[in-house]
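Take a look at the structure set out below.
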Amino acid sequence: MKHVVIGAGPSGVVAAETLRKLDASASVTIVGDEPEAPYSRMALPYFLVKQIPEEGTHLRKGANHFAQQRIDIVQDRVTAVDRAAKSLTLASGGKMAYDKLLIATGSRPVAPPIPGMDLPGIFSCWTLADGRAIAQRAKPGAKVLLMGAGFIGCIILEALAQSGADLTVVEMEDRMVPRMMNDTAGNMIKAWCQSHGVHVHTSTRVTGIAKGSAHPFKVDLSTGQQLDADLIVSATGVRPNVEFLDGAGLEVQQGIFINRHMQTNDPDIYAAGDVAQGRDFSTGESSVQAIQPTATEHGQLAARNMAGHTGAVHRGSVNMNVLDTLGLISSSFGLWMGKPGGDSAELVNRERYRYLNLQFDGDTLVGATSLGMTQHVGVIRGLIQTRTRLGKWKDKLLEDPTRLMEAYLASTQAVGFNAALLK
Amino acid sequence: MLKALQLEPEKCTGCLQCEMACSYENEGVFNPSKSRIKVFNFHDEGRFAPYTCSQCSEAWCLHACPVEAIVINPMTGAKDVLEDVCVGCKVCTIACPFGTVNYNADSGKVIKCDLCGGDPACATACPTGAITYVDAEHTGLARMKAHASQTIPKN
């Protein structure tokens with residue numbers, strides 16, 4: 001059996017390792033187009049601020065890890081998939097045959113259609129190469145313009161601010177992290193960033209970038225304002241890497257459409273991670289969740305199905321994120337925006353930048369948003385994904401949403417005086 | 001023989017000596033807010049429940065880590081955080097469905113129970129036997145396993 005995985009990110013690597021674990025005799029190959037050992041984009045911001053060396057971003061630390069696992073890593077780019085011949089065309093000119101194929105090619109940043117975006121010196125923060133280039137230019141005092149205050153933008157923001165740059169953020173929505181935070185939380189993050197010396201422009205677009213005289217760039221904003229910049233970092237969104245599948249006949253919507261066995265419409269081709277449009281636990285619908293936990297979950301499940309363990313059915317991944325914006329930690333889970341007709345609980349303390357919002361469907365928790373909470377946040381995922389019936393604890397949470405751990409323990413474990421009898 | 005922490009809430013009086021012992025053992029300070037084991041207070045019922053990582057076999061935290069900073073300790077079976085590898089991204093803190101991996105802003109890393117390398121200070125400190133470190137085959141583990149299995153089902 002020859003398994004080929006396209007993509008050397010977390011999803012592809014976890015899939016390859018799982019395939020090896022389940023089938024000692026199979027051939028397992030990862031095709032990745034970047035020159036470095038498989039690394040984690042999640043770790044790039046920490047590399048950017050020199051908290052970790054380049055090796056610190058590597059997904060696996062042992063130098064011989066992949067050789068020991070008998071996983072072949074081929075540095076090349078797949079340019080086409082021939083499903084009839086079960087063969088891949090490689091950019092280097094060769095072909096590669098497969099029996100089962102996993103597409104885990106991830107996503108890539110999209111440049112907004114703005115005049116001047118093609119000028120040299122405008123970077124995304126996506127690859128190790130980008131990270132190196134930004135680290136070199138984000139000197140203390142340098143005027144840095146960050147386009148986009150989404151999840152990725154905010155992760156980079158943290159790194160850029162730490163480097164001592166004079167930082168300006170431009171976001172077209174009316175708050176920061178609009179796809180992860182509601183109006184209250186998104187604007188509290190904005191206020192926090194402003195209080196830490198970052199210039200934040202929301203409901204604002206960059207309308208044009210031109211070469212400057214005193215500084216390399218002159219940037220026009222939709223508000224009519226003009227800014228100087230030494231470095232521009234673009235984080236305005238990502239798009240799945242599916243172009244090489246043109247003409248292959250695989251169903252692609254937002255991403256590659258997969259069933260609950262992580263299979264595409266070709267039973268020998270699977271997809272996982274940022275490129276895949278898989279089941280969302282909360283909505284039951286399929287969507288692209290470009291997050292680390294979903295990527296590894298997809299990778300594991302795809303591998304089990306590829307190895308013939310077809311009982312491995314995807315129950316859906318909970319969309320969730322955690323973010324550190326200059327020391328203010330935020331997280332959101334599931335249906336954080338709420339479910340029509342469901343109750344919600346909210347606790348706001350603007351002075352201390354504390355926020356907790358819980359969303360219910362009947363007496364189960366379906367979503368949450370938090371700011372400034374670092375203890376026991378994971379239990380939110382647990383309560384959502386187990387659909388724990390909270391009973392009377394729902395009312396207690398409506399009164400005091402911070403008692404999540406107590407609600408979880410009381411709803412799932414014997415904690416009473418006679419609990420010993422229940423063992 | 002693999003051992004596990006057995007938590008028996010019905011024996012807990014809420015004295016918090018486990019939290020003091022844990023924070024002292026691991027952080028060098030008597031500070032319950034830095035403890036990896038927590039006693040949850042059901043004050044209106046006068047009940048207490050100690051709770052910490054059960055070293056679950058699913059190891060959600062370990063699989064979610066993007067930089068392989070959480071590893072299985074071959075001696076204890078615990079899922080240990082390698083502090084020099086952890087970058088502090090906190091993905092494990094949202095991935096753990098039990099809420100037992102927490103971010104420590106002072107160190108910029110995550111912390112979780114590592115069974116103190118095989119001699120858990122909380123169990124030694126507990127005066128009422130609510131926290132014991134026992135043979136993993138002991139009946140108490142069955143309850144923890146039953147509880148673990150009723151949480152997120154394995155795919």
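Observations on the model:
- One decimal place: the segment B:Ser57-B:Cys15 gains 12.1 nm when fully extended, by the rule 0.36 nm per residue minus the C-alpha distance.
- With the highest mean first, a sort of the peptides A:282-289, B:107-114 on other beta-carbon atoms found within 10 angstrom per residue produces B:107-114, A:282-289.
- Expressed as a whole percent, the proportion of Cα-Cα pairs in the protein assembly as shown lying more than 41 Å apart is 25%.
- Diffusion coefficient, µm² s⁻¹, Stokes-Einstein with Kirkwood Rh over alpha-carbon pairs of the stretch A:131-201 at 4 °C and 1.567 mPa s: 107 µm²/s
- Kirkwood hydrodynamic radius computed over the stretch B:3-149 comes to 15.5 Å, based on all pairs of distinct alpha carbons.
- Sorted ascending by nearby beta carbons within 10 Å, beginning with the fewest, B:Cys86, B:Cys53, A:Cys154 become B:Cys53, B:Cys86, A:Cys154.
- Per-pair calculated FRET efficiency, R0 = 35 Å: A:Glu346 and B:Asp119 via Cβ, rounded to 0.05: 0.20
- Ranked list, fewest to most other Cβ atoms within 10 Å of each Cβ, for A:Ser370, B:Ser33: B:Ser33, A:Ser370
- Average other protein chain Cβ within 10 Å of Cβ, residues A:308-316: 1
- Hydrodynamic radius by Kirkwood, which averages 1/r over all alpha carbon pairs of the stretch A:33-104, in angstrom: 14.4 Å
- Mean per-residue shielding of peptide A:120-131 is 0, counting Cβ atoms of other chains within 10 Å of each Cβ.
- Peptide ranges A:20-26, A:140-146 listed from the most packed, as the mean C-beta count within 10 angstrom indicates: A:140-146, A:20-26
- GNM top mover of A:Thr364, A:Thr310, A:Thr296 - chain A, alpha-carbon springs below 10 Å: A:Thr310
- Pair-distance distribution P(r) for the stretch A:327-420, from all Cα-Cα distances in 10 Å bins starting at 0: 17, 52, 25, 7, 0 percent.
- With the simple spin-label model, which puts each label point 7 Å out from Cα in the Cβ direction, the B:Tyr24 to A:Glu251 separation comes to 6.2 nm.
- Burial order of peptide ranges A:262-271, A:317-326 (average beta-carbon count within 10 Å, highest first): A:317-326, A:262-271
- Averaged over B:43-53, number of beta-carbon atoms from partner chains that fall within 10 Å: 3
Laboratory data are not the source of any read-out in this text; all were calculated from the coordinates shown. Keep in mind it's a predicted model, so treat the numbers as computed, not measured. Using ideal geometry, Cβ is built from the backbone for each residue, glycine included, and neighbour counts are taken over all protein chains shown.
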